[in-house]
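Q: Supplied in structure tokens, the structure appears directly below.
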Amino acid sequence: MTAPDASRAPVPAGLVEAFWEYERALMSDDVPTLDRLFSPGPTTLRGDAAGLLVGHDQISAFRSGRGGAPQRRVVQTHVQTVDDDHALVIAVTELARGGRGQQTQLWVRTTDGWRVSAAHVSVPAPALDTRIWRLVGDPLVAPVDSGPLDGESVAVKDLYAVQGQRIGAGNPAWLAQARTEPVHARAVELLLQAGASVRGIARTDEFAYSLAGTNVHYGTPPNPKAPLRISGGSTSGSTSAVSLGHATIGLGTDTGGSIRVPAAYQGLYGIRTTHGLASAYGVLPLSRSFDTVGWVTRSADLLGRVGEALLPASPRSAASDLVSVPGLLAIASEEVAQVVDRYAAEHGAMRESWDLSDLPTWLQAFQTLQAWEAWQERGAWLAPRLDELGADVRGRFEAAALIDDARAAAARDVVGRARTRILELVGDRVVVLPSAATVAPLLGESLDAVRAATMSLTCLAGIAGLPAVSIPGTTATGLPVGVCLLAAPGRDRDLLRLAVELG
């Protein structure tokens, strides 16, 4: 380890030894030693391309959960001495998997020895981030005509047929036996005709049966708007691709919230369309009673232009009253509820009390019927292969296999009655509610309670087949939140126009 200029102050005593102790601990994943060598307290910093960690506790939690750093060797180091007690160390590293990286560390001498008070790490970006993409091109499929989507690019969820490619559904065993698709899904075809290109085929949760985006086979797509937090699923890869700027349109599906949740977690605009309104031809189903086409974008304007391509023409409805429901806000966390309540108040929404005492029953019936239908779709193939699924999705399919026809029929009756009641409650108004019950959970955080709360909100659109648009908001601490606008079936274009008008 050398100072870059002999005329500058020499390397302080003990710094070299501390630096190499850190390197050895890093390569052996010695978390206690790494914790000791980082300064204690709330001001210690560690940053990389995934985001900035502030405070020793956050850094320690990150290290404990990541399973070690990529193997590397140090090929060059430089020290810039600030004074006897402070020094900047820059190390060039060579990764075992190929490529070079760099780390910059600010070391501080304390009474207990040298400690890192701030660090930044960079590694080579992958040519293909397989957490986001299964297949990508430049483009993968060129547009076939010119139209309102000229110059736009699409990340296609891996449930849609792309001519000449296979549908992977987030599971490698399914991909291995999938046929080559002879034609595009209708939604893909319409986007190509409107001038958009297909950038690639994006990852999804296994068989779209999750809201997390944490695919056990391929990893969790990154969430650039909330680093070190989950991306949201099951339209996870498409949403991350749009959030990162890899594509401008994320084509996905929404059965129980799989557009609204990732849009909320990543600060994007998203729409779940009226059930059956946008063609689902060529889309691998999960639950036909609830599956819908949807998409995410970074702007309300583009969200609407995609609607021009995918939605049938409809007359513009008269302006609608906005209403908010305190009982729905109460399901969300306080930080989310505050953002949604403020949005509703700023846009003149009237508060309205709903009797939500039957909501737990509605949600249970929705989940039961969805599960039964999912097993009818995939059970024959999955039964001998359940051990090839991630634990969370496997658990859902195992529970689905136990639902008999009588229980499914009873759930269908409850869903039917709930649909009628929800349609009465919504009427010709636009309901303002949270798109998801919380901000994006941290990677590794337990998701059961979050999923239950979020689905208590998202199931309303699923049960009644309603269109829903998610509009991005931000908490006081800067985390993304989704504000959802919910309306009667067929009012998709009204909601898209409203999203542009209200912002």
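The values are calculated or read from the model by the stated rules, or taken from the named source; none is laboratory data. Since the structure is predicted, the reported quantities are computational estimates derived from the model, not experimental observations. Every residue, glycine as well, gets a Cβ built from its backbone with ideal geometry; the counts of neighbours run over all protein chains shown.
Q: Taking the condition of being touching a strand residue (DSSP E or B) at 6+ places or on another chain (Cβ under 7 Å) and in a loop (DSSP other than H, G, I, E, B), how many residues in segment 146-192 meet it?
A: Kept after step one, since they are touching a strand residue (DSSP E or B) at 6+ places or on another chain (Cβ under 7 Å), are these residues of segment 146-192: 152-160, 162, 165, 168, 170, 185, 187-188, 191-192.
If we keep only those that are in a loop (DSSP other than H, G, I, E, B) as well, we get 152, 158-159, 162, 165, 168, 170, 185.
So the answer is 8.
Q: Which pairs have Cβ atoms under 6 Å, sit 6 or more apart or on different chains, and link a residue in segment 37-65 that is in contact (Cβ under 8 Å) with a residue 40 or more places away in the chain to one that is hydroxyl-bearing (Ser, Thr, Tyr)?
A: Listed pairs, sorted by first residue: Leu37/Tyr22; Phe38/Thr44; Ser39/Ser117; Thr44/Ser117.
Q: Scan segment 482-495 and give yes if some residue there is in contact with a His (Cβ under 8 Å, 6 or more places away or on another chain), within 20 Å of Arg272 (Cβ to Cβ) and not aliphatic (A, V, I, L, M), otherwise no.
A: yes
Q: Condition check: touching a strand residue (DSSP E or B) at 6+ places or on another chain (Cβ under 6 Å) and either in the same structural domain as Leu268 (by TED's automatic domain parsing) or at pLDDT below 95 (or both). Does Leu442 satisfy that?
A: Numbers: touching a strand residue (DSSP E or B) at 6+ places or on another chain (Cβ under 6 Å): yes; either in the same structural domain as Leu268 (by TED's automatic domain parsing) or at pLDDT below 95 (or both): yes.
Taking the combined requirement at face value, the residue satisfies it.
Q: Of everything in segment 388-406 that's over 25 Å from the mean Cα position of the chain (by Cα) and loosely packed, with under 13 Cβ neighbours inside 10 Å, which residue is farthest from Asn171 (Cα to Cα)?
A: Applying the filter and picking the extreme gives Ala406.
Each row is one residue, and each column tells you yes or no for (1) closer than 30 Å to Gly170 by Cα; (2) among the acidic types (Asp, Glu); (3) touching an Asp or Glu at 6+ places or on another chain (Cβ under 7 Å); (4) outside any loop (DSSP other than H, G, I, E, B).
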position: Thr253; (1), (2), (3), (4): yes, no, yes, yes
position: Ala280; (1), (2), (3), (4): yes, no, yes, no
position: Gly304; (1), (2), (3), (4): yes, no, no, yes
position: Gly327; (1), (2), (3), (4): no, no, no, yes
position: Ala345; (1), (2), (3), (4): no, no, no, yes
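Q: Restricted to segment 194-252, and to residues that are hydrophobic (A, V, I, L, M, F, W, C) and modelled with pLDDT under 95, which residue is farthest from Ala437 (Cα to Cα)?
A: Let us first name the residues in segment 194-252 that are hydrophobic (A, V, I, L, M, F, W, C), namely 194, 196, 198, 201-202, 207-208, 211-212, 216, 226, 228, 230, 241-242, 244, 247, 249, 251.
Next cut, modelled with pLDDT under 95 only: 226, 228, 244.
Numbers: Ala226: 16, Leu228: 19, Leu244: 24 Å.
Within segment 194-252, the match that is farthest from Ala437 (Cα to Cα) is Leu244.
Q: Output the residues belonging to segment 449-503 that are within 17 Å of Thr253 (Cβ to Cβ), surrounded by fewer than 23 Cβ atoms within 10 Å (Cβ to Cβ) and touching a Leu at 6+ places or on another chain (Cβ under 8 Å).
A: Answer for segment 449-503, where residues must be within 17 Å of Thr253 (Cβ to Cβ), surrounded by fewer than 23 Cβ atoms within 10 Å (Cβ to Cβ) and touching a Leu at 6+ places or on another chain (Cβ under 8 Å): just Met455.
Q: Taking the options Thr368, Thr361, name whichever one is farther than 16 Å from Leu284 by Cβ, at pLDDT 95 or above and either over 27 Å from the mean Cα position of the chain (by Cα) or assigned to a loop (DSSP other than H, G, I, E, B) (or both).
A: Working: Thr368 fails: either over 27 Å from the mean Cα position of the chain (by Cα) or assigned to a loop (DSSP other than H, G, I, E, B) (or both).
Result of the check over Thr368, Thr361: Thr361.
Q: Also, quick follow-up: Please note which strands (runs of 3 or more DSSP E) are completely contained in segment 88-141 and include at least 3 residues that are under 28 Å from Gly55 (Cβ atoms).
A: Values: elements: 100-110, 113-122, 133-141.
The qualifying strands (runs of 3 or more DSSP E) are 100-110, 113-122.
Q: Moving on to the next point. Only one residue in Arg179, Arg203, Arg186 is farther than 27 Å from Arg394 by Cβ and either of a type outside the set (Phe, Trp, Tyr) or surrounded by fewer than 24 Cβ atoms within 10 Å (Cβ to Cβ) (or both), so which one is that? Explain how you work it out, then say what you get.
A: Numbers: Arg179 fails: farther than 27 Å from Arg394 by Cβ; Arg203 fails: farther than 27 Å from Arg394 by Cβ.
Result: Arg186 is the single residue among Arg179, Arg203, Arg186 that is farther than 27 Å from Arg394 by Cβ and either of a type outside the set (Phe, Trp, Tyr) or surrounded by fewer than 24 Cβ atoms within 10 Å (Cβ to Cβ) (or both).
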